[in-house]
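**Student:** Structure provided below as structure tokens; questions to follow.
The values are calculated or read from the model by the stated rules, or taken from the named source; none is laboratory data. Keep in mind the model is a prediction, meaning the values are calculated, not measured. So basically every Cβ, Gly included, is an ideal-geometry build from the backbone, and we count neighbours across all protein chains shown. The protein model used for the area step is the full one, side chains on, heavy atoms only, and it has no ligands, DNA or RNA in it. Shrake-Rupley method; radii C 1.70, N 1.55, O 1.52, S 1.80 Å.
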Amino acid sequence: MQTETHAPTETQATENATYVFRLEFADEQRTYVGALELWPADFHRAIGETAFAGFRGGRIADFAPPWDATRIEPVFAEGGAAAEASGFRVAIGCPNGNDVMQEFGIGYFAAAASRQRARLLQQNDWPRDKTLVYTLAAYLDDGRRPPAGRNKGLAVAAPTLHVTVGTLGRDELRVREAWDAPQAGDLPVLVARSVIEQACAEAGASPDREIGGLLLGRLLRSEAGGVVLAITCLVSGAGTTDATGDSVTLTPASFAKAREVAALRAAGEFVAGWHHSHPFKFCESCPLPTPPDCLAKVLFFSADDVQLMESTFSQPFHVGLLSAVEPRLTATLGHLPARLFGWRRGEVVSRGFEVASD
Amino acid sequence: MSATMTMEPPRRKRMPLVIEDMTGQVRHNVEADPDMPVAQFVQDAEVQLRLPEIDASGRQVRYGARTSDGDVLNPTDRLGDVVRPDGRVTLTKAVTAGLSI
């Protein structure tokens, strides 16, 4: 690992400079406890999301993220240490010179930071209740690379994405109802009502343990030119998952089953996300309408859930559907006890969507 | 004066394959030594693709491999015996949602 530091100065930090990035970890008193060098692959999610934004907006013809040919630039923190970045910027070159650019904040690395904290806990180097602070640092690239050669038996080329974008039929998924205030800038997501009903019914049938499954869907370009994600099928994880009262494990068999179902349905669907349930309840005395704090204790994505999104559902259109069994949720939410999570600027957020009649 | 003849070590045989993730959406063309055991192939892929070795709770992530037909590849099998050239290998893992530490 490169440990020598080269803090950029104003004269060095030119437009064409390339940088190496590290996550640097410290305690709350800013005492340094270690660093994690970031590789190009660590920025693939951001490149994919930026390429997808360009594709949705019609500035990039095909959704084929240039994962190994994209500029990553630091956004330096005002008033921070010389190398401290508040985030980074992805710039994808376009033929007309009008680059597609997006900025990502430090929260992009939340899952990597969670893993680092777990590592420190495992090594007994970190008290469980102590906060681990992480910052992003960018240094001018001196061209040195870690020695290759460990993998003489395997040569790996850059990744490619294999997702088909279809066309939204004029009469398809027309009757819709907005849930949880969809935001204008987000990818519009249409979820078939039957999918949500099935997710809530499966959760309700297992009130003492989490359940999970996979979502099938299609990316569709509408007549107006925009792109939408339609979630059209929930493949139950029954028989392929391991579950407890506060966790559920999707196994390779869960994915194999979902892909088999997609092939059998022959509707152009692919694995577009996942579902799991939270069998948690409000306390008896919880008032109606439910206070936001109590709501957040049931309908939330944990660090494990975010990790799962990052490691397995990292494409910008992937979503996670969460359902719950608490009966008072329906009155508070005004709809079935379910919430959708997805990617926004590299972070997993709760997001609005539309429910479509099947 | 004497001449020294140097012999290049024999070049490793390479076999073209495609590695895909469990969704089938992200694929890498790879060239692999057909003599390597499946376990080594998976471990090398894990390193080169920068796949996390633990999750947010510190649980070890164990990777495996399946063929495009869904058959599980045995870690001790010789790669060239169980996968055809240009075949597709799915890198698999179990993923857990839940309450992390």
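**Student:** Using the Kirkwood radius over C-alpha pairs as Rh, can you work out the diffusion coefficient of the protein assembly as shown via Stokes-Einstein at 25 °C, viscosity 0.890 mPa s, in µm² per second?
**Tutor:** Here the translational diffusion coefficient equals 103 µm²/s.
**Student:** Right, another one. How big is the gap, in Å, between the Cα center of the range A:210-228 and the Cα center of the range B:46-96?
**Tutor:** 27 Å
**Student:** List the accessible area buried at the contact between B and A, summed over both sides and calculated with a 1.4 Å probe, in Å² to the nearest 100.
**Tutor:** When B and A are taken together, about 4300 Å² of accessible area is lost.
**Student:** On a straight-distance basis, which aspartates and glutamates could pair with A:K130 in a cross-link, Cα separation under 20 angstrom, same-chain partners fewer than 8 positions away excluded?
**Tutor:** Partners within reach: A:E24, A:D27, A:E28, A:D304, B:D55.
**Student:** While we're looking at this one, here's another question. With N residues in the range B:39-92, what two-decimal value do you get for its Cα radius of gyration over 2.2 N^0.38 Å?
**Tutor:** Rounded to two decimals, the normalised Rg is 1.20.
**Student:** List the residues of the range A:148-187 that lose 50 Å² or more of accessible area once all protein chains are present, compared with their chain alone (1.4 Å probe, heavy atoms only, no ligands or nucleic acids).
**Tutor:** SASA drop of 50 Å² or more in the range A:148-187: A:R150, A:N151, A:K152, A:G153, A:L154, A:A155, A:V156, A:H162.
**Student:** Please report, as a whole percent, how much of the solvent-accessible surface of the protein assembly as shown comes from carbon and sulfur atoms (probe radius 1.4 Å).
**Tutor:** 50 percent
**Student:** Continuing with the same structure: How far apart, in nm, are the 7 Å Cα→Cβ label points at B:K13 and B:R50?
**Tutor:** Using points 7 Å along Cα→Cβ, the separation is 3.4 nm.
**Student:** Other chains' Cβ within 10 Å of A:337-347 residues: what's the mean?
**Tutor:** Average per residue, whole number: 0.
**Student:** For the range A:33-173, count all C-alpha to C-alpha pairs, find those more than 19 Å apart, and express that count as a whole percent of the total.
**Tutor:** 65 percent
**Student:** For chain B, report the convex hull volume of the alpha-carbon atoms normalised per residue, in Å³, without decimals.
**Tutor:** 146 Å³
**Student:** Round to the nearest 10 and report in Å² the accessible area of A:M309, as given by a 1.4 Å probe over the protein chains' heavy atoms.
**Tutor:** So the heavy atoms of A:M309 present about 0 Å² to solvent.
**Student:** What whole-number value in Å² describes the accessible area per residue of the range A:28-128 for a 1.4 Å probe?
**Tutor:** Per-residue accessible area for the range A:28-128 comes out at 48 Å².
**Student:** Under 30 Å Cα to Cα from B:K13, which lysines show up? Leave out anything in the same chain fewer than 8 places away.
**Tutor:** Partners within reach: A:K152, B:K93.
**Student:** Roughly what percent of Cα-Cα pairs across the range A:123-212 reach past 22 Å?
**Tutor:** 72 percent
**Student:** Compute the distance in nm between two label points, each set 7 Å from the Cα along the Cα-to-Cβ direction, one at B:V82 and one at A:T167.
**Tutor:** 4.5 nm
**Student:** I need the phi-derived Karplus couplings for the range B:92-99: 6.51 cos²θ - 1.76 cosθ + 1.60, θ = phi - 60°, integer Hz, Gly and Pro marked x.
**Tutor:** In residue order, the calculated couplings are 10, 6, 9, 10, 10, 9, x, 8 Hz.
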